[in-house]
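Colleague: Structure below; questions to follow.
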Amino acid sequence: MHKRKICVITGTRAEYGLLYHLMYEIKKDVYLELQIIATGAHLSPEFGLTYKEIEKDGFIINKKVEILLSSDTPSGVSKSMGLAIIGMAGAFDDLKPDIIVILGDRYEAFAAAAAASVFRIPIAHIAGGESTLGAMDEAFRHSITKMAQVHFVSTEIYRKRVIQLGEDPINVFNVGATGVDNIKKLKLFNLAEFEKSINFKLNKKNLLVTFHPVTLEKESAEAQFKELLVALSSLKDTNIIFTMPNADTDGRILIKMIEDYVDKHKDNAIAFTSLGQLRYLSSLQFVDAMVGNSSSGIIEAPLFKIPTINIGDRQTGRIMSESIINCPPEREAIKVAIEQAYSQDFRNKIKTLPHPYGEGGTAAKIKEILKNLNLNNILKKQFYNLDFQIK
């Protein structure tokens with residue numbers, strides 16, 4: 001019996017968390033063969049060697065593609081992309097997958113899609129149609145959409161955007177967000193277990209901070225993050241849990257700023273290169289709000305009925321729950337947003353808000369589609385034209 005070989009590619013801890021349940025669904029299906037390529041930050045000591053988390057979860061990594069240079073400058077990232085294409089070429093040549101699965105908009109995913117296109121390997125893309133106007137990843141995401149043949153989107157609006165890009169509706173599936181599965185399926189820590197797992201006691205008030213580098217905004221990541229740190233320093237009776245940023249341009253600058261802040265605020269601040277999926281999601285049960293500019297504040301945090309303080313333009317364009325407080329990267333505006341997040345009226349309001357990204361079961365839906373998809377002639381896709389008049 002020929003098993004369909006589905007190759008899942010992951011480059012960051014956050015991305016792996018979103019792919020975990022799909023990987024598990026593929027692995028346990030007797031008609032499918034799971035292949036895994038780990039790349040990017042997974043293989044970097046600086047970012048926690050998080051490939052070990054994948055192996056700890058019982059998965060076999062078929063190929064490790066080294067791409068990180070000791071630089072997060074535009075030149076360094078561009079060179080990493082070149083290394084990624086070279087490494088993916090070797091991996092695809094050896095593994096010969098029937099189809100690859102990539103998620104999101106990072107440069108590693110773009111490089112994998114480019115290499116797969118040359119190899120004439122069908123591409124299944126998760127999270128197309130979304131918009132992040134504050135990051136260069138916006139262009140990567142839509143470029144991947146044009147290289148991919150199969151699309152798994154998280155809302156109906158995103159489905160329409162992918163079709164607007166010329167993709168055939170028959171291969172665009174609204175399955176909800178993969179992050180919802182994690183929350184629905186994982187047995188999360190209770191408070192005592194969580195505090196023990198991070199070796200840190202929570203306070204009367206607690207915030208989870210995840211801030212990634214910005215790439216298209218006028219103010220630098222350093223300037224924006226300084227404003228956030230000044231705002232956090234003014235808080236009383238508040239503990240701060242930082243998670244380190246991605247391996248993007250200027251990421252190392254933010255890491256140094258976090259380390260310096262924690263060193264000066266050892267009594268009420270702690271930082272983690274990687275909390276891992278279980279601890280990260282468990283933390284959302286106990287913090288009062290999520291602060292920063294991460295997509296998890298848009299997708300996962302609202303499910304826990306807590307506010308998200310979304311700083312700057314990095315996530316502009318995404319569909320957002322009313323539990324999300326958008327504010328500019330300015331210390332006074334951030335302070336006002338934090339006050340709003342603690343307002344009892346606001347907290348009562350968000351308890352009954354619907355979640356725009358589905359109710360779970362996403363991984364199983366994607367697996368079934370990948371399993372039964374007819375791959376014959378799938379590469380010969382045509383541009384799907386919408387019937388409308390351009391003004």
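Bear in mind that the values in this text are calculations on the coordinates, not laboratory data. On a predicted model such as this, the values are computed, not experimentally measured, just so you know. Reconstructed Cβ throughout: ideal geometry from the backbone, glycine too, with neighbour counts over all protein chains shown.
Colleague: Defining a contact as two alpha carbons under 8 Å apart and six or more residues distant in sequence, what relative contact order in percent does the stretch 189-350 show?
Modeller: Across the stretch 189-350, relative contact order equals 24 percent.
Colleague: Now, a different point. Can you tell me, using C-alpha contacts under 8 Å and at least 6 residues apart, the relative contact order of the chain as a whole percent?
Modeller: 17
Colleague: Oh, and also: Stretch Lys226-Ile378 to full length: gain in nm at 0.36 nm per residue minus the Cα-Cα span?
Modeller: 49.9 nm
Colleague: If you don't mind, there's one more thing I want to ask. Anyone know which of Ile298, Ile325, Ile102 comes out most mobile in the 10 Å Cα GNM of the chain?
Modeller: Ile325
Colleague: Apply the a/c threshold of 1.5 to the C-alpha gyration tensor of the stretch 31-106 and tell me whether it is rounded, prolate or oblate.
Modeller: oblate
Colleague: State the volume of the convex hull built on the alpha-carbon positions of the stretch 189-350, expressed per residue in Å³ and rounded to an integer.
Modeller: In the stretch 189-350, the Cα convex hull volume per residue is 106 Å³.
Colleague: Further question: On a 0 to 90° scale, report how tilted helix 362-372 is relative to the longest principal axis of the chain, with both axes built from alpha carbons and the result rounded to the nearest 10.
Modeller: 10
Colleague: Report, to one decimal in Å, the Kirkwood hydrodynamic radius for the stretch 229-275 based on all distinct Cα pairs.
Modeller: 11.2
Colleague: Take the alpha-carbon centre of the stretch 109-168, take the same for the stretch 265-338, and report the distance between them in whole Å.
Modeller: 26
Colleague: Test of understanding: what is the full-extension gain from Leu235 to Leu49, defined as 0.36 nm times their sequence separation minus their Cα-Cα distance?
Modeller: 63.6 nm
Colleague: Can I ask one more? Specify the residue with the greatest mean-square fluctuation among Ile255, Ile240, Ile157, computed from a Gaussian network of the chain linking alpha-carbon atoms under 10 Å apart.
Modeller: Ile157
Colleague: The stretch 330-370: which trypsin sites (Lys or Arg not before Pro) are DSSP loop and have at most 10 other beta-carbon atoms within 10 angstrom?
Modeller: Lys351
Colleague: By how many nm would the segment from Met1 to Asn190 lengthen if fully extended, with 0.36 nm per residue of separation less the alpha-carbon distance?
Modeller: The span from Met1 to Asn190 would gain 63.6 nm if fully extended.
Colleague: Further question on the same structure: Loop-only check: which chymotrypsin sites (Phe, Trp or Tyr not before Pro) in the stretch 1-96 are DSSP coil with at most 15 other Cβ within 10 angstrom?
Modeller: When the chymotrypsin sites (Phe, Trp or Tyr not before Pro) of the stretch 1-96 are filtered for loop state and at most 15 Cβ neighbours within 10 Å, Tyr31 remain.
Colleague: Which value in nm describes the separation of the simple spin-label points at Lys349 and Asp57, placed 7 Å from the Cα toward the beta carbon?
Modeller: Roughly 3.6 nm, to one decimal.
Colleague: If contacts are Cα pairs under 8 angstrom and at least 6 residues apart, what is the relative contact order of the stretch 58-138 in percent?
Modeller: 25 percent.
Colleague: Taking a ≥ b ≥ c as the square roots of the Cα gyration tensor eigenvalues, with a/c under 1.5 meaning rounded and otherwise prolate when a/b beats b/c, else oblate, which class fits the stretch 49-155?
Modeller: Because its axes are fairly even, with a/c under 1.5, the stretch 49-155 counts as rounded.
Colleague: What GluC sites (Glu not before Pro) does the stretch 62-141 have in DSSP loop regions with at most 16 other beta carbons within 10 Å?
Modeller: Qualifying residues, ordered by number: Glu66.
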